[in-house]
Amino acid sequence: MKKFILFLITIMLSFALVSCNKDDRIVVRFGITSGQINTAIANLQFKEKFEAANPDIRVEIIALEGNYDNLLKNTMMDINSGSATTPDLVIGYPDHFAEYYGGGALVDLQPFIDHPEYGFTQEELDDFIDSYLDENRGFDPNNPDHLFGFPFNKSSETLIYNKTALIYLFGEDQWEEKVPKTWDELEAVGLEIIEKVRDGELDQKWPTETDQNGNPTKYLKVSDYIQNNKFAPFGYDSSGNAFITLTRQWGGKYTERDNVAKGYAAFFEDGVAKQMMEEIKDMHDKGVFYLAPNFGANYCSDALKAIQCIMTIGSTAGIRYNESDKYPYELGVAPIPYKTPDKKYVIQQGTNICMLDVNSTEEELIAAWKFLKFLLTPENTADFAIQTGGYFPVRKSAFQSEKYQEYLTNPSEDKIAYSAAANVALNSYIEEYTYFVDPAFIGSATIRQEVGSFFDDILVNGEDINQRYEELRNDLMPFVRRKN
């Protein structure tokens, strides 16, 4: 009998403990990529600060390995299966949001924005960068101005270069004029650099071994890269961005859309993209223009660190990856080259944040909206930009805050290159260039992947442009506009 009573007491205590430990808070799942973004969110304690102010809500940060495309694939699998693990909030590009819209999961945020209690005032809404907001419109043909997302981590591309190498090759008085403003200038200075490297003019710059007194005994022989076809003055990091940006700079169209359900690969219609590709291929054949695989690298930043190239175009968010701990040099940052002064196009990069509804309750949606708003306060977007370095604030007041202005003018040593990139974007790009982002529709993500593969096949695999161009047309036939 005593054993039975003890057994009952044990069972009752177990239930009591489970009851005490039960977490009745509303859960908000936030889907992001691992790495820089996840690290910044953790360092800034966004989850902890929000939960302290909202004790009825628990935030789960779902950080997936891989890139944004991997996040898209995983999220679409969750949506299509109706999984309870589908993120309530997720970051991504507009063409990713088009896929979520097609899957019936993308939430129209306008009712939340307009809500008198927890929405945005017009003044708060006007504080967001206009072009960033515009990316998130146009999903609902009946309400084209409704917002289906908000900007989260925004960036752009810049020309990143080894300033130390340029000074060594061209001298203190001439190196600055060698930083190319146009693609023609890049080709000209690129050919100069090739000749100087071939002649061994960088072979005595970076020691690789020293004697017991610290005197150099061996140097990196950069000219050996020339012999192995592993050196080029310039590398473009993103094949997709290269095709899209250069098509625009050459005066062509990339994509167009009727609505979120129907869009076109418009570059087939004017032939400009093909002409651009032929000119870039010519630069490649001269040894000036490479992609990462040409160097035997995963990224052009790897090639820059190995002194396999002197200049690269990459994201402002990844500038720190161009810094080497093996060969000391100073980085420089400049606007990307342009084809002609009237077509200074530069891509508007970085992701937005949207809300998804897969069998969510009203309370869960409201909780997700509250966390979205918290992430995008002026203070938090400024802190996030400074913490990551290469991303920009998404609100005007954040740019003008004392903290961010200090970052622009007096950055810490580890953020000097990031700060320089931010100044390029804020000064040169906003004043002189045209930011662009292409319209999102169901399938636009596929087009981007295909044109990136096309660019790779021409410059890396040496495929014939005409033949590969027709293969690309066949692969994208559902997006080729029919002539009437």
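The values are calculated or read from the model by the stated rules, or taken from the named source; none is laboratory data. Small disclaimer: the values here were computed from a predicted structure and weren't measured. Positions of Cβ are backbone-derived with ideal geometry, glycine not excepted, and every protein chain shown enters the neighbour counts. Areas reflect the complete protein model, heavy atoms only, side chains present, ligands, DNA and RNA absent. Shrake-Rupley method; radii C 1.70, N 1.55, O 1.52, S 1.80 Å.
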May I ask you to verify whether LYS373 is of a type in the set (Lys, Arg), within 30 Å of PRO87 (Cβ to Cβ) and open to solvent by 40 Å² or more (accessible area, probe 1.4 Å)? yes
Going by the structure shown, is LYS253 over 22 Å from TYR321 (Cβ atoms) and assigned to a loop (DSSP other than H, G, I, E, B)? yes
Would you please name the residue that is nearest to LEU246 (Cα to Cα), looking only at residues in the range 344-357 that are open to solvent by 20 Å² or more (accessible area, probe 1.4 Å) and part of a strand (DSSP E or B)? TYR345
Looking at PRO341 and the list (1) touching a helix residue (DSSP H, G or I) at 6+ places or on another chain (Cβ under 8 Å); (2) open to solvent by 30 Å² or more (accessible area, probe 1.4 Å); (3) not aromatic (Phe, Trp, Tyr), which single condition is not satisfied? (1)
Given ASP237, ASP145, which one is touching a strand residue (DSSP E or B) at 6+ places or on another chain (Cβ under 7 Å) and either in contact (Cβ under 8 Å) with a residue 24 or more places away in the chain or of a type outside the set (A, V, I, L, M, F, W, C) (or both)? ASP237
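Take GLU117 and tell me if it is open to solvent by 70 Å² or more (accessible area, probe 1.4 Å), assigned to a loop (DSSP other than H, G, I, E, B), acidic (Asp, Glu) and at pLDDT 90 or above.
yes
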Criterion first (open to solvent by 20 Å² or more (accessible area, probe 1.4 Å), among the small types (Gly, Ala, Ser) and in contact (Cβ under 8 Å) with a residue 24 or more places away in the chain) does ALA84 satisfy it? yes
Residue check, CYS309 open to solvent by less than 10 Å² (accessible area, probe 1.4 Å), closer than 25 Å to GLU195 by Cα, within 17 Å of the chain's Cα centre (by Cα) and touching a residue at least 40 places away in the same chain (Cβ under 8 Å): no
Determine whether VAL394 is of a type in the set (Val, Ile, Thr) and crowded, with 22+ Cβ neighbours inside 10 Å. yes
Pick from the range 217-232, criterion open to solvent by 20 Å² or more (accessible area, probe 1.4 Å) and of a type in the set (Val, Ile, Thr), ranking: nearest to ASN294 (Cα to Cα): ILE226
Please go through the range 120-146 and give me each residue that is more than 20 Å from TYR68 (Cα to Cα) and in a helix (DSSP H, G or I), ordered by number. GLN122, GLU123, GLU124, LEU125, ASP126, ASP130, SER131, ASP134
What are the residues in the range 319-338 that are touching a Gly at 6+ places or on another chain (Cβ under 9 Å) and surrounded by fewer than 21 Cβ atoms within 10 Å (Cβ to Cβ), if any? ARG320, TYR321
Of the residues that make up the range 175-185, is at least one within 15 Å of ILE310 (Cβ to Cβ) and touching a strand residue (DSSP E or B) at 6+ places or on another chain (Cβ under 8 Å)? yes
Checked the range 120-137 for anything open to solvent by less than 40 Å² (accessible area, probe 1.4 Å) and over 25 Å from TYR435 (Cα atoms); matches are PHE120
Exactly one of TYR407, TYR429 is in a helix (DSSP H, G or I), of a type in the set (Phe, Trp, Tyr), over 19 Å from the mean Cα position of the chain (by Cα) and over 19 Å from ALA266 (Cβ atoms), and that residue is TYR407
(1) open to solvent by 60 Å² or more (accessible area, probe 1.4 Å); (2) within 30 Å of SER444 (Cα to Cα): which one isn't true of GLN36, the others all being true? (1)
Among the residues of the range 178-200, what is the count of those that are hydrophobic (A, V, I, L, M, F, W, C) and either open to solvent by 10 Å² or more (accessible area, probe 1.4 Å) or under 12 Å from VAL222 (Cα atoms) (or both)? 6
So which of GLY235, GLY252, GLY263 is closer than 30 Å to ALA306 by Cα and crowded, with 18+ Cβ neighbours inside 10 Å? GLY235
Could you give me the residue pairs with C-beta distances under 9 Å whose first residue belongs to the range 279-293 and is on the phi > 0 side of the Ramachandran plot, whose second residue is aromatic (Phe, Trp, Tyr) wherever it lies, and which are 6+ apart or on separate chains? GLY287/PHE231
Identify all residues within the range 435-452 that are buried (at least 16 other Cβ atoms within 10 Å of the Cβ) and farther than 18 Å from LYS262 by Cα; write none if there are none. TYR435, VAL451, GLY452
Scope the range 87-108; condition open to solvent by less than 40 Å² (accessible area, probe 1.4 Å), outside any loop (DSSP other than H, G, I, E, B) and farther than 19 Å from GLU364 by Cα; matching residues: GLY92, PRO94, ASP95, HIS96, PHE97, ALA98
Among residues of the range 306-330, those that are in a loop (DSSP other than H, G, I, E, B) and β-branched (Val, Ile, Thr), counted: 2
Selection from the range 127-143 of residues of a type in the set (Phe, Trp, Tyr) and in contact with a Leu (Cβ under 9 Å, 6 or more places away or on another chain) yields PHE128, PHE139
Go through the residues of the range 155-171 one by one and say whether even a single one is under 29 Å from THR388 (Cα atoms) and modelled with pLDDT under 95. yes
The condition of being aromatic (Phe, Trp, Tyr), within 30 Å of LYS221 (Cα to Cα) and modelled with pLDDT under 95 holds, among TYR329, TYR321, TYR290, only for TYR321
